[in-house]
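Colleague: Got a structure here, written out as structure tokens. Questions coming.
The values are calculated or read from the model by the stated rules, or taken from the named source; none is laboratory data. Worth saying up front: this structure is predicted, and the values here are computed from it rather than measured. Note: ideal-geometry Cβ built from the backbone for every residue, glycine included; neighbour counts use all protein chains shown.
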Amino acid sequence: MSSLFFWKDWSRGYRLTYLISFIAFIVSIVLFAVAWTRGLSNVVRWDVLSELNELPIIQHTFSDGLLDYSVKGKAYAVSEQFIAGAMQTHPGLATAFLSAVCLAFVLLLSAITRFDRIRYLVSMGILILGLAFFRWEMLDLPGLGGNYLFLLLTFIFGSVSYYFHAFRADQLIPVRLVTFGLLMAAVALAIGTLSPVKFPALVVVSYGMPVLLVFSIGFIFFIATEIIAGLVWLTSAGRSEGDVPVGQRRVLGLNNFLFISALYLINLILIWLKNTKSIDWDVLAISPFILYLISVTLGVWGFRRLVQQQDSVSFRDAGAYLYAGLALLTTLTMTYAFATANDPLVEMFEDVIVYTHLAMGVVFVAYILINFLPIFTENLPVYRILYKPKRLELSLFRVAGVFGIAVLLASGGLITFRQGVAGYYNGLGDVYTATGEPQSANAFYQLALEQEFQNHKSNYALASLAVAQNNQTAAAFFYQQALLKQPQPQDYAGLSQTYLQTNLFFEAVKTLQRGIRAFPKNGELQNNLGYLYARTSVADSAYYYLKSATGLADKSEVPEANLLSFYVQNPKVLAADSSLIKTSRDLSYESYQSNVLALRLLTQADTTQPQKPSWLTTEQVKEGLSVGRFASLYNYTLATQRADTSLTSLLLRLSADPANQDFTDDLLLARAVAEYNAHHHPTAFSLMSQLAEGDDKNGPAYRSLTGLWLMEQGLYRKAAETFGYNTDTTSIYFQAVALTKANDPVLAQPLWEAAAKGDPAVAALKEVLYQERKPQNDLEKAFYASYRTDDPNRGAYWETVQEPSLKTVAGVALTNDFLDQLQWRNAQLVLSGLPNPKQVSPVATSLRNVAAIRLSAFRRSVGSAETMAKEFILPRYQAERDYWLGQTYERTRRIAQARQAYRQALALAPLNARIVTAAAQLDQQQKRFQPAYELVLTALPFNEDNADLLKTYVMLCLELSLPDYAENGLAKLQSATTPADYQAFVSTYQGKLASIEKSKEKFLQ
């Protein structure tokens, strides 16, 4: 174990510095493995392109107990496809790589200063020569153009190096490491600060890549014998058993060494033949990069053995750090090639590893057999003298290995050299891509293609540049070129997208099919193909590929969201298997949540409160809206019925944000819905009016929704006016119903006539309403009894209604009519004759309970009113409940309780004329004129035909000394009430006016 952890016997300073360098070497291996494994994903990520799909839904619906009313709207489903992003350049990666290269050079410089004079001069000459080829002039340092920066760096590092070598040879290696490290850090900081170029590290690395490649190739050549040397140790090292002589130990021996070496060399030959296209066998061979990792790891101990046996330099003072520096430099250079997806460099390294290990492996076996065959046959530990040859020196075999490598290179037509050049040009293309100079980048990538036209990086990078310039034809060409040699899933996705952009739909489908045949386990391609099939009528294929993608894609939430989008856009699929509705999962992905809500809006099956999108509770609400976030917010607003002031505030802020201008109208609509649900009806109607104005395409839909809201709030005249701007049959029908509810059958009759054409159900109601025939079924009888208030015998039809809910609703209409005529006993008789509440609908139950509270108010029975107020009443009717409860309190002189009840009613129905009038009159009695005036002023634009509200408005204007406004209100009142009522009020008005004038005269006196 002492030879394994050889640094344990070193002094503390040496042990610490070497362990740091060794850890850096281990980290470089880990980074190498990560970059190698990630492949193209290092520079090309899968982006997600989201698409909004309008989904027709029933946006709002309500029932008055007799008829159901609904308007159509739209929800949004989100479909998504994976987009292969542009090839990225990472200047930060180049900075980290250059930092590691600097660390490697610190190790090399520190080790070299411990060499003897000849080795020192040769080594420093090599380093300085390498420094000269780094193209320092590209940094454009002020006053250091041309070769001045190179000369300055040579002087700085050369003088310090020579100082340690010639004058302070006694200084220990930790001191040298710290000195060179600080000097390197100071130089790097100065260059980084003074250089005007955008990414100096990327420039240095890219232009200096040939130097790094030469050093790396040299190191790979040097360690190419380590696996064979390891086999020597494996087959000649053994354990002694008791007093057995060394020569009789149990070892694997020469034959096993030759056999294992032959397998190793055959593996290399197969790789070489396959890479040169000499064979096309699907052979299982060990990757050259695995061989490199084995070699460089074995070299840690193998190089120590070589140095100790040759006794050339001190391994502790120089050899260990020299090897660590070269290993770090080479491993990270290959890591950088993988991390930048520079496949020409990767292939060059692959060839270099194969050629060096094959050539050197053969000559090193020959070296062993020539020098140590007798010793090997005697089962002696050959590894102990492996680098002390008896006949021919190792250097001669290294020279022979160089010639062997040259032969292998020539056999490939020098493609390895051309790949290195192509990789160099790719690096320069990355520089100009990062600095935003696409023309220069394009030129260097084209130069790389001239060296190796099938290299993937250049073709993909050029395709990325073409896409950025919207040159889809060029992009398709380069994507196809990228597929020639090393096809990747991103290539197929990119090519498919270019076909879609040029309306070649079926070519896009075929491309994805080819991609899936090449990469059957790629979820991104399967998702995209399912996405395309979902746009056609091939539903089974769309489902198959989307379902398959959920288990294969890295972002499985994307195909999961697409599956839901597929369901909502294909109602037949849902109809065939309703269980699909219940398959949704609890995912926080915005697009998925939006599609869950879209499915809910489509089916209308779930009436519970929907789950709030998770992103609404995070800091993401402060950002601009993505497609998925917008759709989830919009759908959630439509799905929820709960009043949420935080939601209205959020929608207000988002709709005002310029970043969300693409969603402005839909955000305004969502905000209007949220304001309506929060009972901020004036704001909701104002927003809807703003949306409908000047929008010929969507205006009718906006007005239909507004009209339905107005009708739901009992603002029938305003609803009819709003529906009147539309010309569709449904709006005409709703307008007719609204006027009928407003007790204006004469004005409604031509609308009923128009709506009845082609609709037998509407025609039947029209015929019954206008007494063209007698009611026949329960609905017709209930409808007639509810709306023909001029027929005193309509109760006879009501009594024959059999359906409990219809009988209850019509009975409530009769009850309210009797109470309007102060016939409370008849009203009580009708209420007592209503069906059992357990047999009727929630709407009918609510109407019945509200009517009971009204009767209690008429009779001034507080206990009865409070008891009935606790019974079941739907939210839509709770404002009426609170109003009649307030009437009960007011009529029994419980003013505080009445004001509280009115306040609750106003919070739910701020535009209800009856509620506003009662609340304002109570405030007026309490001398609270301004709050009362504001209540009336808010409701008046929606109730200009309501005589009681107009009277209250006129009197409040007089109280607030607004005579002109009072005169305008009086003029409106004349057209809103009967002449007798108007004259009666005019007398009151004039008396009040005279009283005010008299008060003014007294004040002036």
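Colleague: Looking only at region 183-194, decide whether some residue is within 20 Å of Gly130 (Cβ to Cβ), without any contact (Cβ under 8 Å) to a residue 60 or more places away in the chain and hydroxyl-bearing (Ser, Thr, Tyr).
Modeller: Within region 183-194 (the criterion being within 20 Å of Gly130 (Cβ to Cβ), without any contact (Cβ under 8 Å) to a residue 60 or more places away in the chain and hydroxyl-bearing (Ser, Thr, Tyr)), the answer is no, since none of the residues qualifies.
Colleague: Return the only residue of Ala901, Ala896, Ala865 being over 30 Å from Lys781 (Cβ atoms), in a helix (DSSP H, G or I), of a type outside the set (Ser, Thr, Tyr) and without any contact (Cβ under 8 Å) to a residue 12 or more places away in the chain.
Modeller: Answer to the selection: Ala896.
Colleague: Of the numbered conditions (1) under 30 Å from Gly302 (Cβ atoms); (2) surrounded by fewer than 15 Cβ atoms within 10 Å (Cβ to Cβ); (3) of a type in the set (A, V, I, L, M); (4) in contact (Cβ under 8 Å) with a residue 60 or more places away in the chain, Ile405 fails exactly one; give the number of that condition.
Modeller: (2)
Colleague: Tally up the residues in region 779-790 that are surrounded by fewer than 24 Cβ atoms within 10 Å (Cβ to Cβ) and touching a residue at least 12 places away in the same chain (Cβ under 8 Å), please.
Modeller: 6
Colleague: Just one of Ala337, Ala327, Ala320 is crowded, with 24+ Cβ neighbours inside 10 Å, modelled with pLDDT under 90, part of a helix (DSSP H, G or I) and under 51 Å from the mean Cα position of the chain (by Cα); which is it?
Modeller: Ala320
Colleague: Name the residues in region 767-778 that are in contact (Cβ under 8 Å) with a residue 24 or more places away in the chain and either in contact with a Ser or Thr (Cβ under 8 Å, 6 or more places away or on another chain) or closer than 27 Å to Lys718 by Cβ (or both), would you?
Modeller: Correct list: Leu769, Tyr770.
Colleague: Examine region 797-804 for a residue that is buried (at least 18 other Cβ atoms within 10 Å of the Cβ), in a loop (DSSP other than H, G, I, E, B) and in contact with a Gly (Cβ under 9 Å, 6 or more places away or on another chain), and state whether such a residue exists.
Modeller: Checked against the condition, which is being buried (at least 18 other Cβ atoms within 10 Å of the Cβ), in a loop (DSSP other than H, G, I, E, B) and in contact with a Gly (Cβ under 9 Å, 6 or more places away or on another chain), region 797-804 yields at least one hit.
Colleague: Which of the residues belonging to region 875-908 are over 14 Å from Gln713 (Cβ atoms), within 52 Å of the chain's Cα centre (by Cα) and not hydroxyl-bearing (Ser, Thr, Tyr)?
Modeller: Residues satisfying the conditions are Arg881, Asp882, Trp884, Leu885, Gly886, Arg899, Gln900, Ala901, Arg903, Gln904.
Colleague: List the residue pairs whose Cβ atoms are under 7 Å apart, where the first residue sits in region 284-309 and is farther than 18 Å from Thr333 by Cα, the second is surrounded by fewer than 22 Cβ atoms within 10 Å (Cβ to Cβ) and basic (Lys, Arg), and the two are 6 or more positions apart or on different chains.
Modeller: Close Cβ pairs (under 7 Å, with a partner that is surrounded by fewer than 22 Cβ atoms within 10 Å (Cβ to Cβ) and basic (Lys, Arg)) amount to Gln309/Lys388.
Colleague: Only helices (runs of 4 or more DSSP H) wholly contained in region 576-689 count here; list those with 1 or more residues that are surrounded by fewer than 16 Cβ atoms within 10 Å (Cβ to Cβ) and without any contact (Cβ under 8 Å) to a residue 40 or more places away in the chain.
Modeller: 590-603, 645-656, 664-677
Colleague: If you don't mind, another one. Out of region 25-53, which residues are more than 30 Å from Gly85 (Cα to Cα) and crowded, with 19+ Cβ neighbours inside 10 Å?
Modeller: Scanning region 25-53 gives a single hit, Phe25.
Colleague: Given (1) under 30 Å from Tyr545 (Cα atoms); (2) surrounded by fewer than 23 Cβ atoms within 10 Å (Cβ to Cβ); (3) among the β-branched types (Val, Ile, Thr), where does Val78 come up short, assuming only one miss?
Modeller: (2)
Colleague: Leu298: crowded, with 24+ Cβ neighbours inside 10 Å and closer than 27 Å to Phe25 by Cα, yes or no?
Modeller: Here the answer is no, as Leu298 does not meet what is asked.
Colleague: Next question. Please find, among Gln497, Gln454, Gln490, the residue that is outside any helix (DSSP H, G or I) and either in contact (Cβ under 8 Å) with a residue 24 or more places away in the chain or closer than 26 Å to Val346 by Cα (or both).
Modeller: Unique residue meeting the criteria: Gln454.
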